[in-house]
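Enquirer: Right, I'll just put the structure down here and ask away after.
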Amino acid sequence: MALHDFVAMTNVGMQRKNNQDNMLVIEKASLIAVADGMGGLEAGEVASATAMSVVKSAQTPLIQLAQTVDYGTGSDGRIQLARTLDVLAHLASEKIQEVTGGTQSGTTMVAGMVANDHF
């Protein structure tokens, strides 16, 4: 199973003047990720963009991992995918703190991959 068609939409919302949403699709890895800067904190748009940048920087290993899982059996590969995405979330958090200089900033992030007929 792979990503063939997808639709994405973003909206500034009713509280902010700037859009703090960012998204990423890495089709070869069957990955979709969405980040939304946390309202009420400073530089939410920077935090969400940084999170997507960190995930994108891992594009090559994510593609390789997705291909490995697609041809494997059992749950080991899916567990490795979940662990990899978890590590990327932690790396994104660290990078956000670095980029914003410790400013009260943050983002939500959801990422998922389709591999071996599982999301």
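Enquirer: May I ask you to list the residues in the stretch 32-49 that are more than 10 Å from the chain's Cα centre (by Cα) and open to solvent by less than 20 Å² (accessible area, probe 1.4 Å)?
Expert: Gly37, Gly44, Ala47
Enquirer: Let me ask something else about it. Would you tally the residues in the stretch 56-82 being within 14 Å of the chain's Cα centre (by Cα), small (Gly, Ala, Ser) and open to solvent by 40 Å² or more (accessible area, probe 1.4 Å)?
Expert: Within the stretch 56-82, residues that are within 14 Å of the chain's Cα centre (by Cα), small (Gly, Ala, Ser) and open to solvent by 40 Å² or more (accessible area, probe 1.4 Å) number 2.
Enquirer: Between a first residue in the stretch 20-48 that is basic (Lys, Arg) and a second residue that is in a helix (DSSP H, G or I), which pairs have beta carbons less than 9 Å apart while being 6 or more apart in sequence or on different chains?
Expert: Short answer, once both residue conditions are applied: Lys28/Gln59; Lys28/Leu62; Lys28/Ile63; Lys28/Ala66; Lys28/Gln67.
Enquirer: Now, a different point. For the stretch 83-96, how many residues are open to solvent by 60 Å² or more (accessible area, probe 1.4 Å) and either of a type in the set (Ser, Thr, Tyr) or modelled with pLDDT under 90 (or both)? Even if it seems obvious, please write down each step before you answer.
Expert: Of the residues in the stretch 83-96, the ones open to solvent by 60 Å² or more (accessible area, probe 1.4 Å) are 83, 86-87, 90-91, 93-95.
Narrowing further to those that are either of a type in the set (Ser, Thr, Tyr) or modelled with pLDDT under 90 (or both): 83, 93.
Within the stretch 83-96, residues that are open to solvent by 60 Å² or more (accessible area, probe 1.4 Å) and either of a type in the set (Ser, Thr, Tyr) or modelled with pLDDT under 90 (or both) number 2.
The values are calculated or read from the model by the stated rules, or taken from the named source; none is laboratory data. All of these numbers come straight from a predicted model, not from anything done at the bench. Cβ atoms come from the backbone with ideal geometry, glycine included; neighbour counts cover every protein chain shown. The protein model used for the area step is the full one, side chains on, heavy atoms only, and it has no ligands, DNA or RNA in it. Shrake-Rupley method; radii C 1.70, N 1.55, O 1.52, S 1.80 Å.
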